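In what follows, a structure is listed as structure tokens, so that the remarks can point back to it.
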Amino acid sequence: MTAKLIDGKAIAQDIRNEVKEGAAKLREKGIVPGLATVLVGSDPASHKYVAMKRKACAEANIESFHHELGEDATQAEVLELVQGLGADPKVHGILVQLPLPNHIDEETILNAVPLSKDVDGFHPLNIGALAMKGREGDFIPCTPNGCIELLDRSGTTIEGANAVVLGRSNIVGMPVALLLVKRNATVTICHSRTKDLADVVRSADILIAAIGRAHFVSADMIKPGATVIDVGTNMIDDATRKSGRRLVGDVDFAAAKEVAGAITPVPGGVGPMTIAMLLQNTLRGAERA
Ligand code: NAP
């Protein structure tokens, strides 16, 4: 079997076009959707991610307000900045790029983002709402929501499916598992202490792999015909590349695509969805405002 490729790049572009249209309509009513980005320190990867997010905003008719503080910024300075953005009516979403420098308490800073502007969806009350029947929360975290969009837009039936989530982190594994339960899947969460993990994974109609271990999921762990969403991003050595390295997922894609019914590649699967969902959340924030 050769699996259907779930093209995250194309699906993310569709969502970005939808957001662009929605933002244009809001602008006609005099509301300019705005995302504030907060970057503390000099981590090159963080600078790259924020630049990508700001470029995506510009393309989607969303204004971005960028704030950069040095590595030596105090917690009080970061807090004051975030609180100011929380009170600014032009800002509909606040994105604090993580990780923050070690001397700054991440939880204190994230808790200062008002719920109504928590476009990352990481606030405990937003995550808590995912676990409660009939509750929506203000925002759904971007990468988990991106996984669900990939399932929906690739025609995978979630209701009644046996879904296995590999990983239980606050930012991916746990929220994606809660979203799948909300959509009436039967969900098993696996982690580093799970017994007979391969057998559990083999029962999955839907597999979400989010553990950060290159090629951890082999073809023989996949149920024939299953839909596989690979969240993992891992760099491995590759002498054929100029950089000497290559990005791969948690799934052994080349072998798994011969067994799965549908599968996301890495890169080009979940990755592009995260920014698309951030734009969608910012638009929602602006629509509510
Ligand atoms: P994390 O916080 O390190 O969590 C990893 C999870 O995997 C933990 O729950 C851990 O179990 C579990 N795990 C680790 N090794 C395992 C093993 N050998 N067997 C079973 N379970 C194992 O990672 P994360 O932040 O969720 O990220 C996961 C991956 O997704 C990473 O590669 C990350 O780069 C990627 N990611 C991609 C995007 C994107 O936009 N594409 C966004 C976010 C994350 P315990 O809880 O028992 O320790």
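Being β-branched (Val, Ile, Thr) and either in a helix (DSSP H, G or I) or modelled with pLDDT under 95 (or both) is the filter here; which residues of segment 270-284 pass it?
Start the filter on segment 270-284 by keeping residues that are β-branched (Val, Ile, Thr), which leaves 270, 274-275, 282.
Correct list: 274, 275, 282.
Return the only residue of 222, 229 being in contact with a helix residue (DSSP H, G or I) (Cβ under 8 Å, 6 or more places away or on another chain), under 21 Å from residue 153 (Cα atoms) and in the same structural domain as residue 164 (by TED's automatic domain parsing). Working first, answer last.
On the way: 222 fails: under 21 Å from residue 153 (Cα atoms).
Step by step, each of 222, 229 is checked, and only 229 is in contact with a helix residue (DSSP H, G or I) (Cβ under 8 Å, 6 or more places away or on another chain), under 21 Å from residue 153 (Cα atoms) and in the same structural domain as residue 164 (by TED's automatic domain parsing).
If I ask for residues that are of a type outside the set (Gly, Ala, Ser), crowded, with 24+ Cβ neighbours inside 10 Å and more than 16 Å from the ligand (Cβ to nearest atom), which ones from segment 253-289 would you list?
282, 283
Which of the residues belonging to segment 132-184 are in a loop (DSSP other than H, G, I, E, B) and within 11 Å of the ligand (Cβ to nearest atom)? Before you say what the answer is, go through the steps one by one.
Step one: list which residues in segment 132-184 are in a loop (DSSP other than H, G, I, E, B), which gives 132-141, 154-161, 167-172, 183-184.
Correct list: 141, 167, 168, 169, 170, 171, 172.
Select from segment 98-121 the residues that are charged (D, E, K, R), more than 16 Å from residue 69 (Cβ to Cβ) and part of a loop (DSSP other than H, G, I, E, B) and list them in ascending order.
Hits for segment 98-121 are 118, 120.
Give segment 185-196 a look and list any residue that's within 12 Å of the ligand (Cβ to nearest atom) and outside any loop (DSSP other than H, G, I, E, B), or say none. Reasoning before the result, please.
In the first step, residues of segment 185-196 are kept if they are within 12 Å of the ligand (Cβ to nearest atom); the result is 189-196.
Residues satisfying the conditions are 189, 190.
Of all the residues that make up segment 20-61, how many are touching a residue at least 40 places away in the same chain (Cβ under 8 Å) and over 20 Å from residue 102 (Cα atoms)? First the steps, then the outcome.
Initially, segment 20-61 is screened for residues touching a residue at least 40 places away in the same chain (Cβ under 8 Å), giving 20, 22-23, 26, 31-41, 43, 46, 49-50, 52-53, 56-57, 59-61.
Retained after the next criterion (residues that are over 20 Å from residue 102 (Cα atoms)): 20, 22-23, 26, 31-36, 52-53, 56-57, 59-61.
The qualifying residues number 17.
A quick yes/no check of all residues on (1) modelled with pLDDT of 95 or more; (2) assigned to a loop (DSSP other than H, G, I, E, B); (3) under 18 Å from residue 254 (Cα atoms):
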residue	(1), (2), (3)
198	yes, no, no
207	yes, no, yes
215	yes, yes, yes
220	yes, no, yes
224	yes, yes, yes
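Restricting to segment 99-123, name every residue that is free of Cβ contacts under 8 Å to residues at least 12 places away in the same chain and not charged (D, E, K, R). Spell out how you get there, then give the answer.
Keep residues of segment 99-123 that are free of Cβ contacts under 8 Å to residues at least 12 places away in the same chain, which gives 102, 106-107.
Scanning segment 99-123 gives a single hit, 102.
Kindly establish whether residue 240 is buried (at least 16 other Cβ atoms within 10 Å of the Cβ) and of a type in the set (Val, Ile, Thr). Even if it seems obvious, please write down each step before you answer.
Values: buried (at least 16 other Cβ atoms within 10 Å of the Cβ): no; of a type in the set (Val, Ile, Thr): yes.
When the stated conditions are applied, residue 240 does not pass them.
Check residue 205 against each of (1) surrounded by 16 or more Cβ atoms within 10 Å (Cβ to Cβ); (2) within 14 Å of the ligand (Cβ to nearest atom) and name the one condition it does not meet.
Going through the list (1) surrounded by 16 or more Cβ atoms within 10 Å (Cβ to Cβ); (2) within 14 Å of the ligand (Cβ to nearest atom), residue 205 breaks only (2).
The values are calculated or read from the model by the stated rules, or taken from the named source; none is laboratory data. Bear in mind that the values here come from a model prediction, so they are computed numbers and not experimental data. So basically every Cβ, Gly included, is an ideal-geometry build from the backbone, and we count neighbours across all protein chains shown.
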